[in-house]
1. Can you pull the accessible area of E384 for me, 1.4 Å probe, Å² to the nearest 10?
2. Just grab the label-to-label distance for T426 and D124, each label 7 Å out from Cα along the Cβ direction, in nm (one decimal).
3. Find how much the distance from S444 to N152 grows on full extension, using 0.36 nm per residue of separation minus their present alpha carbon separation; answer in nm with one decimal.
4. Between K391 and D332, 0.36 nm times their residue separation minus their Cα-Cα distance comes to what?
5. What number results when the radius of gyration of the stretch 174-267, computed over Cα atoms, is divided by 2.2 N^0.38 Å?
6. Reachable aspartates and glutamates from K197, Cα under 17 Å, same-chain residues fewer than 8 places away excluded?
7. Could you please state, rounded to a whole Å, how far the C-alpha centre of the stretch 112-181 is from the C-alpha centre of the stretch 366-423?
8. Quick one: of K327/K374; K218/K299; K178/K374; K86/K218; K421/K449; K364/K388, which pairs are farther than 19 Å apart, Cα to Cα?
Amino acid sequence: MAAAATLALPAIFSTHRRGNFYLAKALELGGRAFIGGSSSPISAPRNLGSFDVNSSLISPPAFFPSSPTASSPFGFHCLDPMETGKYADELGVAVRVVQMACTLCQGVQEGLVWRKREQVKSKDDDSPVTVADWGVQATVSWVLSQCFGSENVSIVAEEDTQALSRTDASGLLESVVKAVNGCLVEAHRYGLKAPQKPLGSTDVLEAIGRCTSNGGPKGRFWVLDPVDGTLGFVRGDQYAIALALIEDGEVVLGVLGCPNYPMKKRWLNYHQRYYRLMSKLSPPVAGSWHKGCVMYAMKGSGEAWMQPLVEDHSKLGLNNVSARPIKVSSVDDPAFATFCEPVEKSNSRHSFTAGLAQSVGLRKQPLRVYSMVKYAAIACGDAEIFMKFAKAGYKEKIWDHAAGVIIIHEAGGVVTDAGGKPLDFTRGIYLEGLDRGIIACSGSLLHDKIIRAVDASWDSSSL
Ligand SMILES: Nc1ncnc2c1ncn2[C@@H]1O[C@H](COP(=O)(O)OS(=O)(=O)O)[C@@H](OP(=O)(O)O)[C@H]1O
Ligand SMILES: [Mg+2]
Ligand SMILES: [Mg+2]
Ligand SMILES: [Mg+2]
């Protein structure tokens with residue numbers, strides 16, 4: 001939604017050289033993020049079958065097992081049919097398109113090492129936007145329209161076409177079109193249909209520009225953050241692709257693609273340390289740095305799932321596919337809890353959260369991670385707390401939270417504002433009425449403690 005008015009390069013180029021060096025190093029180590037199966041304890045997902053929504057999908061969905069179930073003729077992750085079958089088709093399409101989008105982003109992130117100047121632009125608020133942000137928005141919008149019919153699809157999304165439509169942006173637009181077609185041509189590998197011919201620039205602009213919904217309390221709309229944590233993305237670090245569906249003001253499904261997030265926590269620790277200490281750590285054995293996953297959940301199911309990113313589903317035996325249920329951590333002693341927060345000081349008050357951490361008895365260093373990967377870390381039990389206190393005047397957008405909130409919730413956690421109220425997705429593109437900040441926790445014990453600590457210290461803080 002924020003307009004990208006200038007094509008001038010942002011300051012991040014001078015300050016982010018380190019990040020690109022890291023990315024180059026990371027790529028030297030592992031090549032493209034690819035997981036052909038996880039060695040984590042797996043329980044096979046109970047989903048399945050053939051699939052054909054408006055003939056835009058082909059069957060069987062390669063990353064789900066293949067036998068049909070009574071509850072899901074479309075073959076997706078089969079949750080309790082009484083409660084959650086309603087959105088099974090939407091979830092299936094959402095997971096597939098997010099998987100595809102992850103691959104698009106990985107390609108662009110690799111390219112940033114060599115061609116960053118053409119691929120990153122600056123928006124009015126100086127935040128970065130890249131070929132990947134536009135490319136993912138176009139791809140998701142196109143696929144959703146194909147699958148459900150454009151007349152049935154309404155999307156709230158972060159990006160617009162303003163910067164891409166400028167006469168001096170033809171090279172940029174060309175890069176976006178190339179990224180989108182490169183992604184869509186592989187659609188069949190994800191059980192989706194590719195376009196009959198490559199999309200032209202008009203089609204791509206139309207797909208991006210179609211995402212003009214303003215949300216609200218009634219009806220059904222998708223919420224998309226094509227690249228959340230673009231700064232992390234540009235720096236070769238963590239980022240997420242976030243897609244959610246909202247109906248009558250409630251988030252009913254959420255999918256988070258986390259292309260650099262490992263299936264195993266120990267690799268997250270390694271990733272963090274590797275970025276910081278770079279040359280002092282020996283590189284992981286090639287291919288062993290299993291990173292890249294998609295997490296998803298459907299409202300009311302009490303289940304959330306994580307599966308590895310796969311590049312080519314056709315090369316996988318269906319039974320090798322390894323979605324596993326995720327649950328929040330059971331740690332409720334603050335001394336052993338990990339809390340996450342934004343990396344950028346300008347996005348959240350680090351000094352305030354440091355004070356809170358101390359008063360609550362948190363002992364570990366904060367895990368500063370870009371994007372909704374923070375929500376992902378809590379949902380899968382890698383961390384216990386996420387706190388964000390934006391500066392006064394900043395209004396949180398629904399696309400930065402919707403997918404993460406439902407996944408944490410279904411995985412057993414709690415997400416509220418600092419007043420203990422659920423986030424309100426009924427009031428347009430912003431989380432209007434948000435009380436002070438956002439607090440997500442693995443359990444209510446920790447959550448209560450943080451809320452009380454915020455109350456105790458808010459007035460004396462300078463916020
Ligand atoms: N000033 C300010 N205050 C608070 N939040 C802001 C602010 N500016 C931006 N944003 C939004 O923050 C999104 C990234 O949030 P993160 O938690 O990943 O922050 S950080 O990058 O780790 O610092 C980021 O999402 P993306 O634009 O998708 O990257 C923004 O929507
Ligand atoms: Mg975002
Ligand atoms: Mg974004
Ligand atoms: Mg942005």
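The values are calculated or read from the model by the stated rules, or taken from the named source; none is laboratory data. Please read all numbers here as calculations on a predicted model, not as lab measurements. Note: ideal-geometry Cβ built from the backbone for every residue, glycine included; neighbour counts use all protein chains shown. In case anyone asks, the SASA skips ligands and DNA or RNA and just uses the protein heavy atoms, side chains included. Shrake-Rupley method; radii C 1.70, N 1.55, O 1.52, S 1.80 Å.
1. It works out to around 10 Å².
2. Distance between label points: 2.9 nm.
3. 101.3 nm
4. Details: separation 59, 0.36 × 59 = 21.24 nm, distance 2.86 nm.
Here the answer is 18.4 nm.
5. So the stretch 174-267 has a normalised radius of gyration of 1.28.
6. Straight-line reach from K197, under 17 Å: E174, E186, E206.
7. Comparing the Cα centres of the stretch 112-181 and the stretch 366-423, I get a distance of 25 Å.
8. K178/K374
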